[in-house]
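Okay, structure first, notes after.
The values are calculated or read from the model by the stated rules, or taken from the named source; none is laboratory data. Keep in mind the model is a prediction, meaning the values are calculated, not measured. Glycine gets a Cβ as well: all are built from the backbone with ideal geometry, and neighbour counts include every protein chain shown. What goes into the accessible areas is simple: the full protein's heavy atoms, side chains included, and nothing from ligands, DNA or RNA. Shrake-Rupley method; radii C 1.70, N 1.55, O 1.52, S 1.80 Å.
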Amino acid sequence: MSLPLARQAARLFGLDPETVTPVAMRENLTFSAMAGDKKFALRLHRPGYASPSAIRSELAFMAALANTDFAVPTPKPSSTHQLVEDMDGQLVSVLSWVEGIQLSETLDDPTCEIPTLFHTLGQTLALMHSAADAWTPPENFTRHSWNLDGLLGESPHWGRFWENPHLSSDDQKTLSNLRDDLYSRLSAAAPDLDYGLIHADAVGENVLIHKGKTTLIDFDDSGWGFRLFDLATPLNKMRTRPEYSDIEAALLDGYQSCRPIDTTHLDLIRLLRALTYLGWVIPRIHEPEGQQRLIRFRDTVFALM
């Protein structure tokens, strides 16, 4: 059903429906499509995940970054000059296409220089944060917050991880006690943490490498948050790699070569980042690999405790 819907959506944005091709079936359903000789990414947004206002704000943030020459996809308006179209409840947006190989795939190349890749990623994240601080969002800007309440409040952005029904009762009790402890720790640390707009999902699939240039894609989870959150995300994904210490050193050095950041509370933010996934997986447990993800997320949390 998604391909016919994507072809219908393509017409709204002046894209050739016959060129629509599935690319990624993740949070959003993403397709490539052509308009003349130009390629675009068409997104069918996950129902119920983000409001039209939130998606328009995501696109406004990306457009603002692009205006500073930061490498990022840019939004394409529809034929009615809308950045987001609503097709009977299905929200659609279109972005410019970015060439590149995913960082996660690049790491499998035995010839790649892994520390160099993460040094560049650190620089990229720092430049994005600096560009975000230089931008004044419009009054109607609407994005979620990865702050104290968004991470540990009664209704965290990605769900009440300590009540994950697919974990054992012992795990739930441990996580509930941990949440109380982390709430106190983050409350004390928050005033000293660098806070602003972040990408929030700089995993390997969302970092493209092309001709030595690094581009961030998929700002679906972007919002307000601690800047260490953007460093914690790729570090947690690399946690079990044998060269992890080199990766962490390279990422932090790359970041700090462009922008200062206090890493005193990095371990705290890494643990908080890991906990978000235990909430995220609750409604997705029956998706392919849902159980494997749960086990992996749980193991990461307990390893970082």
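For the stretch 258-268, name all the residues that are of a type outside the set (S, T, N, Q) and without any contact (Cβ under 8 Å) to a residue 60 or more places away in the chain. Don't jump to the end; show me each part of the working.
Start the filter on the stretch 258-268 by keeping residues that are of a type outside the set (S, T, N, Q), which leaves 258-262, 265-268.
Once the filter is applied, which keeps residues that are of a type outside the set (S, T, N, Q) and without any contact (Cβ under 8 Å) to a residue 60 or more places away in the chain, the stretch 258-268 yields P260, L266, D267.
Scanning the stretch 236-245 finds no residues that are open to solvent by less than 10 Å² (accessible area, probe 1.4 Å) and touching a residue at least 24 places away in the same chain (Cβ under 8 Å). Here L231 clears all of (1) more than 17 Å from I114 (Cβ to Cβ); (2) under 15 Å from the mean Cα position of the chain (by Cα); (3) surrounded by 22 or more Cβ atoms within 10 Å (Cβ to Cβ) except the condition numbered (1). For first residues located in the stretch 284-305 and farther than 13 Å from T240 by Cβ, partners that are loosely packed, with under 14 Cβ neighbours inside 10 Å and small (G, A, S) and lie 6+ apart or on another chain with Cβ distances below 9 Å do not occur. From the list L275, L208, L271, L231, the lone residue that is touching a residue at least 60 places away in the same chain (Cβ under 8 Å), in a strand (DSSP E or B) and not basic (K, R) is L208. Here E287 meets each of (1) farther than 25 Å from S155 by Cβ; (2) in a loop (DSSP other than H, G, I, E, B); (3) of a type outside the set (K, R); (4) under 21 Å from the mean Cα position of the chain (by Cα) with one exception, condition (1).
Select from the stretch 144-202 the residues that are in a strand (DSSP E or B) and not aromatic (F, W, Y) and write down the one among them that is nearest to the chain's Cα centre (by Cα).
Here the answer is I198.
Which members of the stretch 27-38 meet the condition of being of a type outside the set (G, A, S), outside any loop (DSSP other than H, G, I, E, B), under 28 Å from A131 (Cβ atoms) and open to solvent by less than 50 Å² (accessible area, probe 1.4 Å)? If the condition is that a residue be of a type outside the set (G, A, S), outside any loop (DSSP other than H, G, I, E, B), under 28 Å from A131 (Cβ atoms) and open to solvent by less than 50 Å² (accessible area, probe 1.4 Å), then T30 is the only one that fits. Restrict the check to the stretch 107-115 and report whether at least one residue is at pLDDT below 95 and part of a helix (DSSP H, G or I). Yes - at least one qualifying residue is present in the stretch 107-115. Of the numbered criteria (1) open to solvent by 70 Å² or more (accessible area, probe 1.4 Å); (2) modelled with pLDDT of 95 or more, the one L15 fails is (1).
Yes or no, residue by residue, for (1) of a type in the set (F, W, Y); (2) in contact with a Cys (Cβ under 7 Å, 6 or more places away or on another chain); (3) open to solvent by less than 20 Å² (accessible area, probe 1.4 Å); (4) closer than 24 Å to R284 by Cα:
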residue: M25; (1), (2), (3), (4): no, no, no, yes
residue: F40; (1), (2), (3), (4): yes, no, no, no
residue: A50; (1), (2), (3), (4): no, no, no, yes
residue: S53; (1), (2), (3), (4): no, no, no, no
residue: D108; (1), (2), (3), (4): no, no, no, no
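Filtered by the rule that a residue be under 26 Å from L125 (Cα atoms), out of contact with any Phe, Trp or Tyr (no Cβ under 9 Å at 6 or more places or on another chain), of a type in the set (V, I, T) and touching a residue at least 60 places away in the same chain (Cβ under 8 Å), the stretch 65-98 gives a lone residue, V98. For beta carbons closer than 9 Å, sequence separation of 6+ or different chains, a first residue in the stretch 138-156 that is loosely packed, with under 13 Cβ neighbours inside 10 Å and a second that is part of a loop (DSSP other than H, G, I, E, B) and modelled with pLDDT of 95 or more, the qualifying pairs are E154/R160. Of the residues making up the stretch 262-273, one or more are surrounded by 18 or more Cβ atoms within 10 Å (Cβ to Cβ), over 25 Å from I114 (Cβ atoms) and within 18 Å of the chain's Cα centre (by Cα).
Quick check, is R56 more than 30 Å from Y244 (Cα to Cα) and in contact with a Pro (Cβ under 6 Å, 6 or more places away or on another chain)? No; evaluated as a whole, the condition is false for this residue.
Using the structure shown, decide if M62 is under 27 Å from H157 (Cβ atoms), touching a residue at least 60 places away in the same chain (Cβ under 8 Å), among the hydrophobic types (A, V, I, L, M, F, W, C) and surrounded by fewer than 16 Cβ atoms within 10 Å (Cβ to Cβ). So M62 does not fit the description; no. Residues in the stretch 204-214 that are modelled with pLDDT of 95 or more and either open to solvent by 10 Å² or more (accessible area, probe 1.4 Å) or more than 21 Å from T30 (Cα to Cα) (or both): L208 only.
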